[in-house]
Each structure stands twice: as structure tokens, then as C-alpha cells.
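So the structure is just underneath, and the comments pick up after that.
What follows draws every value from the coordinates through simple rules; no lab data is involved. Quick caveat: nothing in here was measured; it's all calculated off a predicted structure. We place every Cβ from the backbone using ideal geometry, glycine too, and count neighbours over all the protein chains shown.
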Amino acid sequence: MDLNDLLEIAEKENASAKPIRLRCCTAAGCLSQQGDAVKNALQQAVADADMSDRVEIVGVGCMGLCSAGPLVKIDPDGALFEQVQPEQCASIIASLNGGGPAEASVGSDDIPFFSKQHPIVLENSGRINPERIESYIAAGGYQALFHSLREMAPTDVVEEISKSGLRGRGGAGFPTGLKWATVAKMKAERKYIVCNADEGDPGAFMDRSVLESDPHRVLEGMAIAAYAVGATQGFVYVRGEYPLAISRLKTAIQQARRMGLLGTQIFESPFDFRVDLRIGAGAFVCGEETALLRSIEGQRGTPRPRPPFPAQSGLWGYPTLINNVETFANIAPIVSKGSEWFSAIGTEKSKGTKVFALAGKITNTGLIEVPMGTPLRTIVEEMGGGVPNGQVKAVQTGGPSGGCIPAAHLDTPVDYESLAKLGSIMGSGGMIVMDQSDNMVGVAKFFMEFCMDESCGKCVPCRAGTAQIHKILTKVTDGRATSADLENLRSLCEMVKSASLCGLGQSAPNPVLSTLRYYPDEYQACIDGGAAAEASA
Amino acid sequence: MDRVRLATIWLGGCSGCHMSFLDLDEFLIDLADIVDVVYGPVVDPKEYPDNVDICLIEGAVCSDEHIHHVKNIRAKTKVVVAFGDCAVTGNVPAMRNPLGKIAPILQEIYCERPETHGQMPGEKGLMPVLLDTVVPVHQVIKVDAFLPGCPPPASRIKEFVQLALSGAELKLQGSGLKPG
Amino acid sequence: MAVKTLTIDGKAISAREEQTILQAARENGITIPTLCQLNGTSNIGACRLCLVEVAGVPKLLPACVTLVGEGMQVSTDSEKIHEYRKMIVELLFAERNHVCAACVENGHCELQDLAISVGMDHSRYDYMNPKCAVDITHKRYGIDHNRCVLCGRCVRVCDEIEGAHTWDFQGRGANTRTISDMFVPWGQAVSCTSCGKCVQACPTGAIFRRGSTVAEMQKDRTRLDFIVTAREKKQWIA
């Protein structure tokens with residue numbers, strides 16, 4: 001396999017395309033709304049209308065606008081059908097043949113939800129068939145790996161990633177190039193690459209969507225990383241709750257191996273790289289890198305103190321590069337188009353784009369990818385279409401590790417530093433919109449319950465502290481708390497934040513602290529209400 | 001100097017803390033010179049008086065009656081002290097808490113065990129109603145000082161009382177804090 | 001052997017480069033409270049009682065796993081650290097059902113000693129009152145989960161010194177429980193050699209010798225030290 005073979009596959013794939021192509025979303029969101037029945041019905045309708053020679057039905061990944069699913073998009077004329085039902089399929093096919101307008105609700109991709117996006121990570125998502133490697137290759141796939149292996153030294157690759165300014169998309173925002181350089185510098189008889197696909201924040205589904213829609217993109221990014229740092233074995237640690245992502249990854253790994261794009265002597269170079277899957281068993285804490293590594297080793301998934309960092313001592317004590325799905329998905333385009341292209345997008349300190357999962361009280365639920373620095377208001381009000389019949393009260397970012405940003409700060413640009421300044425975090429990209437009917441103490445309690453249940457139980461502040469914070473919050477919402485309880489709540493949050501062993505505990509108090517900061521009145525109202533009830537009793 | 005008005009009360013506990021208090025021996029005689037015991041199991045008054053300077057509460061809060069007592073004490077007392085482990089932590093009386101709510105526990109003890117008479121004791125309203133969860137005193141009212149121990153040894157009680165009489169901060173140090 | 005010089009609480013000390021802050025402090029008579037740490041077993045940084053401040057580092061660092069560094073300025077004594085330690089101990093007392101008055105270890109217990117050393121006179125937190133089992137299926141020993149602080153010393157001593165790995169954890173968060181073998185009663189755990197090292201390692205009355213009554217259990221850590229010294233230094237001294 002070399003570049004010519006790749007181009008030949010791409011050419012063949014493009015040549016076999018039929019004049020009219022109907023793309024059906026087959027990612028989890030649309031599948032949960034009978035997406036596969038729609039796809040089958042369309043296929044049947046094409047056969048019934050005897051149009052198989054010029055119309056093809058292709059299952060693709062996520063198109064983003066999950067709230068309008070199942071989605072069907074027609075190429076090349078561009079019509080987008082929303083909430084398609086199987087019984088509407090015959091009329092859609094008939095409309096292609098001049099049979100009058102289709103009896104299905106027609107959407108537009110000229111709305112801000114689509115037009116304001118800047119797809120890099122999601123550029124193939126909803127376009128290619130995630131179950132065919134040829135489809136990925138036709139979209140230019142694996143060319144970046146070829147360029148890296150055959151035209152760049154490993155240090156050049158690291159240099160290019162460093163210059164791009166890419167930062168880890170798992171939440172903490174650590175400079176990716178620096179991490180790669182650290183692993184690359186380590187002298188060790190073996191090194192590992194790990195892809196963290198243990199996405200677990202409530203309301204976040206960016207990584208799932210990338211894996212379901214474009215799994216080869218992630219594998220290619222891992223392979224380039226492996227070449228850059230000198231690793232020969234990779235693991236994708238994906239949560240067990242993502243069966244479709246797992247099955248597509250399995251398919252992708254097999255296909256890549258069969259074509260010689262994974263395995264030994266890739267692109268006829270001396271570079272070997274093998275990728276295996278490891279399936280998580282449902283512990284949120286396994287998204288924490290040291291817990292994840294222990295889980296891959298077959299041990300109980302609990303974090304350990306750092307240093308040593310995984311880059312120094314990771315899997316079985318060997319240097320290990322661990323990045324998140326979205327980070328790996330950014331690698332191939334950076335290598336192909338260059339670091340300058342990438343670093344021109346975004347803000348001074350946060351380069352590139354970020355994928356967000358919009359959820360909660362918002363008109364357009366789904367996935368978007370926007371340049372870093374896009375104001376929160378653009379995302380929520382323009383692209384998301386705002387709150388149906390209401391007003392935005394707050395936006396929760398970063399899931400259980402993040403905080404609530406009140407509507408007054410909607411003009412904040414979304415980047416790592418600005419969100420941190422507001423007491424929240426970028427996180428992995430979950431964005432939950434709340435309206436006036438949402439009680440912020442209740443929101444804080446929800447996330448605290450999540451952290452309490454998901455604490456691994458190893459360190460005392462997180463194990464006992466989150467349970468105690470939850471208990472105090474329950475007292476507050478039940479109207480049994482006093483101002484002394486509020487004081488205990490505050491001091492306990494500070495302690496758990498500073499004293500916990502890993503990121504889970506260190507960030508668990510954030511939802512409470514941020515709601516205490518922006519909505520103290522709601523806490524006080526619970527206390528006053530309780531005191532009044534007692535006085536009258 | 002005005003005589004100090006001291007009260008003590010025995011809630012959910014074994015009275016061991018009061019016994020330990022009596023172990024103060026001849027120091028009790030010194031105390032009698034400056035302290036009036038205005039309420040408690042060792043004196044006669046039936047009503048908790050007003051303007052109490054200091055009250056030692058022995059025992060955990062186990063019933064609605066106990067809640068009534070401690071709230072009344074709080075309203076009429078300058079310095080409220082949790083006296084002994086039951087008052088400080090719940091201790092032995094609280095060992096029933098993990099067993100769950102009180103009704104099924106009473107039902108099993110008084111009605112279902114073969115050696116019982118198959119009926120709950122007392123008429124309705126006659127007995128205080130037991131709480132589902134036994135709690136230490138400071139979870140019901142504000143407590144000003146803690147005197148741990150099961151029971152607090154007489155020497156520790158003496159140290160504490162001397163602190164109280166001297167007007168110093170009512171905080172024990174070192175091994176004076178040992179529970180159990 | 002490289003030597004690092006540093007200060008702990010203002011006191012200038014020197015330490016070998018492979019030493020942790022905790023080891024260096026102890027060698028110099030500076031006490032840092034610990035609970036999960038046990039000489040002879042690996043350090044896991046779980047109890048967070050040994051957190052210290054290091055000048056220039058924004059985070060608190062666990063002294064048991066942080067290596068000394070040249071010019072490091074360590075503080076073990078700030079108001080914040082004292083308050084956090086106290087909160088951690090209070091959380092531990094509120095988390096399970098610790099009834100000192102009815103415990104075999106009363107008077108010899110590390111948790112009790114910690115309460116005294118951090119100046120805890122009561123726990124400001126509500127008691128959790130969890131339902132915890134007592135397992136006395138083993139012929140000689142028992143485990144009372146009401147008194148367990150999940151320090152993992154039994155797990156490590158069994159795995160790292162005895163080599164049996166009878167103990168481990170199951171569950172998460174507050175529901176974490178120390179279990180023997182694949183969650184069978186201790187008496188049925190075939191891997192257990194009945195060596196009793198876990199009994200000696202346990203800081204509280206959670207693991208005890210059967211037949212001990214209140215305050216009777218006194219643990220002897222010197223046997224563990226003896227084995228570890230013998231193994232590591234080939235010196236058979238107690």
C-alpha cells in the first residue's frame with residue numbers, strides 16, 4: 001500500500017457513486033428514532049421505483065441536528081428532510097422522479113445551526129459511510145498518515161502539532177504537542193498510545209458521535225501519534241454504553257488492518273502499529289487517565305497520584321500517550337493542511353474548533369463544531385435557536401466538573417481561559433441550557449449526586465465529602481438547612497476541591513460553587529422558606 | 001460574685017456521665033460553695049428554670065421529648081454543653097440507626113419475637129415517640145462546648161468545670177478530647 | 001547518592017533524593033499525620049491527611065508520595081492544612097458507625113489518635129449511619145465494616161508482604177467495601193493464609209482478633225517492620 005493505491009481506492013469509490021445519493025443518518029440519535037427503518041424503507045422505495053441504477057441510499061454518521069432526526073439529505077441538490085417517517089419514504093423517492101413534492105418535512109441547512117459551524121473534527125461526519133474504509137479514503141483519509149510516515153521525521157510531526165497550538169479536548173486543555181514531545185523524549189523499550197473514549201459527562205455525546213460517524217479519523221490520528229512518539233501499540237478505551245461506537249470501531253480496525261493501514265510495516269515503512277479495543281464497565285472515574293490506565297491493565301479503575309505522569313510511566317510502567325477522541329480527530333487535518341492553517345482558527349490561546357453537544361432547554365438539540373472564541377450567545381441563541389417559549393437562565397458547561405454560567409455572561413467567548421474565569425470549565429463539550437423553570441440548587445444537587453455515585457471511594461475528601469455535600473444540599477432543598485449548613489457547604493466544597501486525589505473530586509464542587517456564586521438568592525430562599533415553615537408550625 | 005446556676009439533664013444515655021460527675025468526690029464540696037444545681041436528676045425541681053448559666057446535657061437525642069427538652073434548655077441557658085459521647089456523637093444509643101426506621105424495630109422487638117407479649121407498650125400519647133434517627137445534641141440545637149468521653153473521666157470533668165468557672169474558652173485539648 | 005536540601009516548616013534539612021517529604025520530615029522529628037500510609041507497603045496518597053503546602057506550587061501535595069526537591073520550602077503547619085485535616089477526620093467519623101466506647105481498639109486506635117491530634121471535639125457533619133456487615137466467619141479473626149476507613153492497608157499488606165491478595169475493594173464511593181477473595185465470607189476465602197498481617201496493619205478496630213473485648217485489641221506493627229527489613233535489607237532485626 002502506498003499513496004497511489006490510496007488514490008486508486010478513492011477514485012474507484014468516487015466512480016462507483018451514483019448520480020443521486022440519499023444520506024441517512026445512522027448514528028445513535030437518529031437510530032433511536034427509527035433511523036434504520038427509514039433507511040430500509042428508502043432502499044425498498046428505490047427498488048420499487050426501479051431507480052437503483054441512479055439512486056443510492058447510504059448510511060452515514062451524525063449530521064448534527066439530533067432534535068430533527070431522523071435526517072435524510074439528498075445529494076447533489078441538497079434537500080434536507082427532517083423527522084422522516086418510514087411511510088414518507090416512497091414519496092421522497094417519487095419526488096426525485098418528478099413525482100411532485102415529497103410528503104416530508106423539509107428542513108434547511110442554511111440556518112445558523114449549520115452555517116455558523118466550522119467543521120474540522122466533524123467534516124466527514126454525516127457525509128461518509130462510517131462502515132466502509134473506502135468511503136473514508138475517498139474523503140482523503142489516511143493521506144496524512146502517509147505523509148507523516150514517508151515524508152516527515154517523527155520530530156517534525158511533534159513539531160507540527162506543537163506549532164498548531166492544539167490543546168487536549170478532554171477538558172483540561174493541556175497542550176497536545178508538549179505531551180507528545182514528553183513521550184517522544186522518553187527512552188523506553190516500548191511505549192503506548194491510548195485513546196480516551198470513556199466519555200461520561202451527563203449530556204455530552206461528542207466523542208460517541210465522532211466514533212460512530214468517522215472512526216477511521218481517530219485511528220489515523222492515533223497512528224500518526226504513535227509514529228511521532230515511537231509507540232507500536234495503541235488502545236481505544238471506550239465505554240461499554242456505546243455499543244454502536246464499539247462495533248464501528250471494531251469494523252474500522254479490521255478494515256484498516258486488512259488494508260495494511262494498521263499492523264506491520266504500514267505504507268511499506270518500518271513503522272508497526274496495532275490497535276486494540278478495551279471496553280469500560282461503566283465507571284465514570286475511568287475517564288480519569290490514571291484510572292483508565294489501571295482499567296486497561298485489568299485492575300480496579302482507581303486513580304493514583306501524579307507524578308509520575310502517564311507520559312513518564314503509564315501502562316505497565318511504560319511511557320504512554322493518552323489523548324481524547326476529539327484530540328486525535330484533529331491530528332490528520334493538521335498534518336495535511338499544516339499547523340499555520342490550524343492556528344489561524346480560534347483565539348490566541350485556544351486554537352482550532354471545539355465540538356459541543358447542545359442539550360437541555362434549547363430548540364436545536366444536537367452537535368455543533370465552532371471556532372474557539374465563538375460567543376456563548378451565538379451558540380445558544382443563534383445556532384441553538386434559544387429556549388422554546390422562554391429565556392435562557394444559565395448554561396452549564398463541563399458537566400459534573402463544570403459550572404453554571406448565568407445569562408448575563410452570554411457574550412463570553414468560549415475558550416479555556418474565559419470559561420475558567422467564570423468558575424466553569426470547557427470540559428469535554430457538554431452544554432446544557434437552562435431556563436427560568438430550572439432551580440439552580442436542584443441542578444447543583446443533581447450533579448453532586450452524580451459525583452457521589454461515581455466517586456471511586458479511594459480518597460476521603462471525594463468519597464465522604466461528596467456524600468456529605470449531597471446531604472447538605474438535600475437539607476437545603478427540603479427546607480431543613482440553616483445558615484450554618486450553608487457555611488459548612490462552602491467550606492466543605494473548598495476542601496474537597498483542594499484536597500481530593502484526582503480530577504473527579506477536585507472538580508466535583510464546581511457546580512455547587514458556581515451556583516453559590518451566581519444564585520445565592522436561591523439558596524437563601526430555601527433556608528428562609530424552611531425557617532418560616534418551622535416558625536409557623 | 002453571683003453563684004453559678006448549673007443544670008444537668010439525662011437524655012438517651014446510661015447515666016454513666018452523671019456517675020462520673022459524682023466521682024468528682026471532694027471537689028463536689030468545693031463546687032457546692034460557688035455553684036447551685038438548679039435542675040437535674042440529682043435535685044428536686046421538676047421544671048427547667050430560667051436564667052441557667054451552664055447546662056450539661058448527657059445522652060443522645062432519641063425522642064420527641066428530648067427535642068422538646070433541648071430546645072427549652074437552649075432558650076433558657078447561657079452555655080450549653082454536650083456532656084459525654086452520647087451527647088457528642090450519638091454513641092451507643094445511635095447504634096440502632098443503621099437498622100432503619102423505628103416502627104419496624106419496635107414491632108419486631110415487642111410483637112414478633114417469641115418471648116414477647118405480642119403488643120406494643122403503653123397507650124398512645126403516654127410514651128415519648130422515638131425518633132427514626134438518634135442524633136447528637138448539636139444537630140438539634142446550637143451547642144457551646146463539647147466534653148467527650150464514655151464516660152468523661154472525673155479528672156476531665158473537673159478540668160472542664162474549672163475552665164468554665166474561670167471564664168476561659170471552653171475547649172479541651174490533647175487527650176482531653178479522647179472519645180470512648 | 002544525591003542529597004537535596006530543603007526546609008520543612010522553616011527548619012533546614014537535607015534528604016536523599018529518593019526520599020519523600022514524609023520520610024524526610026519523620027527523620028527530622030517533624031510529625032505529619034497519616035492514615036493510609038504503612039511502612040513496608042506502597043504509598044497510595046488516599047487519605048489526604050499528609051497534604052502539605054510547597055512554596056510555588058498552587059496545589060496541596062501528599063507528603064507520602066511527593067519526592068523531596070532541591071530548595072523546596074514545605075509547610076506542614078498552616079491554618080488551612082490544620083482545618084482540612086480536621087475536616088477529613090470529622091468526615092471519617094461521620095461516614096461509618098464508629099462507636100469508640102464499644103470498640104476492641106478503644107485506646108489504641110489510630111483514628112482515635114488522629115481525632116485527638118487534630119483537636120476534634122465533635123463532628124460538624126451529619127452521621128451517615130450506613131448499614132455495614134460484621135464478618136466473623138474466619139476461625140481466628142473478624143472484620144467489622146462499621147469501623148473500616150477504607151485505607152487499604154490490609155489490601156496492600158496482604159498483596160505486597162504476604163503475597164496472598166485475599167483482600168480487595170468492591171463497589172464505589174461510600175458503598176466501597178473491603179472484600180475477601182471474590183466477595184465470599186472471610187472464612188471461605190481460600191487464598192487467606194490466616195497469617196494475621198491484616199489484623200496488625202488495620203489502623204482501627206475493623207479487623208480484629210476474635211475473642212477480644214472492648215479496648216483489649218492492641219496491634220503490633222513491629223512484626224511487619226521486621227519482615228520488611230529482613231526482606232529488603234537482609235537484616236533480621238526487630
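For the reader, a short list of remarks on this structure follows.
- For the protein assembly as shown, the share of alpha carbon pairs falling in successive 10 Å distance bins from zero is 2, 10, 17, 20, 18, 14, 10, 6, 3, 1, 0, 0 percent.
- Reduced Cα scattering model of segment A:460-537, Debye log10 I(q)/I(0), q = 0.13, 0.19, 0.20, 0.23 Å⁻¹: -0.39, -0.75, -0.81, -0.99
- Counted charge near residue C:68, where neighbours are those whose Cβ lies closer than 15 Å (Asp, Glu -1; Lys, Arg +1): -2
- Rounded, prolate or oblate (a/c below 1.5 giving rounded, otherwise prolate when a/b exceeds b/c) for chain A by Cα gyration tensor: oblate
- For segment C:83-233, the share of DSSP beta bridges that are antiparallel, to the nearest 5, is 100%.
- For segment A:141-343, the Kirkwood hydrodynamic radius from C-alpha pairs, put into Stokes-Einstein at 25 °C and a viscosity of 0.890 mPa s, yields a diffusion coefficient of 148 µm² per second.
- The Cα-based radius of gyration of segment A:186-280, divided by its Kirkwood radius, gives an Rg/Rh of 0.99.
- An oblate overall shape is assigned to chain C, the ratio a/c of its alpha-carbon gyration tensor axes (a ≥ b ≥ c) being 1.5 or greater and a/b not exceeding b/c.
- Taking GluC sites (Glu not before Pro) in DSSP loop states with no more than 15 other Cβ atoms inside 10 Å as exposed sites, chain B has its longest site-free stretch at B:48-114.
- Rounded to the nearest 5, the antiparallel percentage of DSSP beta bridges internal to the protein assembly as shown is 50%.
- Flagged links, alpha-carbon separation over 29 Å, of C:59/C:219; A:475/B:101; A:471/A:497; B:71/B:158: C:59/C:219
- 14 Å Cα-Cα reach of residue A:73 towards aspartates and glutamates, excluding residues that sit fewer than 8 places from it in its own chain: A:56, A:82, A:109, A:110
- Short-range pairs are left out: with C-alpha atoms under 8 Å and at least six residues apart, the relative contact order of segment B:26-97 is 30 percent.
- Amide hydrogen proximity for residue A:59: with H placed 1.01 Å from N in the peptide plane, the residues at 5 or more positions away or on another chain lying under 5 Å are A:24.
- Length-normalised contact order of chain A in % [C-alpha pairs under 8 Å, at least 6 apart]: 14
- Entry for segment C:3-77 at q = 0.16, 0.21, 0.28 Å⁻¹: log10 I(q)/I(0) = -0.48, -0.85, -1.49, Debye formula applied to identical alpha-carbon scatterers, no solvent contribution.
- Compactness ratio for chain B: Cα radius of gyration over 2.2 N^0.38 Å (N = residue count) comes to 1.11.
- Here the 3J(HN,Hα) profile of segment B:82-97, calculated from phi with Karplus coefficients 6.51, -1.76 and 1.60 at θ = phi - 60°, is 7, 10, x, 4, 4, 6, 7, 10, x, 6, 4, x, 7, 5, 7, 3 Hz, Gly and Pro shown as x.
- Here is the list for segment C:145-234: chymotrypsin sites (Phe, Trp or Tyr not before Pro) lying in DSSP coil, each with at most 15 other C-beta atoms within 10 angstrom of its C-beta, are C:183.
- Helix axis angle, A:154-164 relative to chain A longest principal axis, alpha carbon, degrees: 60
- Antiparallel %, DSSP beta bridges [both residues in chain A], to 5: 50
- Between the Cα long axis of helix A:176-185 and the first principal axis of chain A there is an angle of about 80°, rounded to the nearest 10.
- Relative contact order (%) - segment A:16-109, alpha-carbon pairs under 8 angstrom, separation at least six: 32
- Chain A: angle of helix A:243-258 to the longest principal axis, Cα-based, in degrees nearest 10: 40
- Proximal lysines to residue A:393, defined as alpha-carbon separation beneath 22 angstrom and excluding residues fewer than eight positions away on the same chain: A:361, A:421, A:445
- For segment B:50-124, applying the loop criterion from DSSP together with a ceiling of 14 other beta carbons within 10 Å to the trypsin sites (Lys or Arg not before Pro) yields B:101, B:124.
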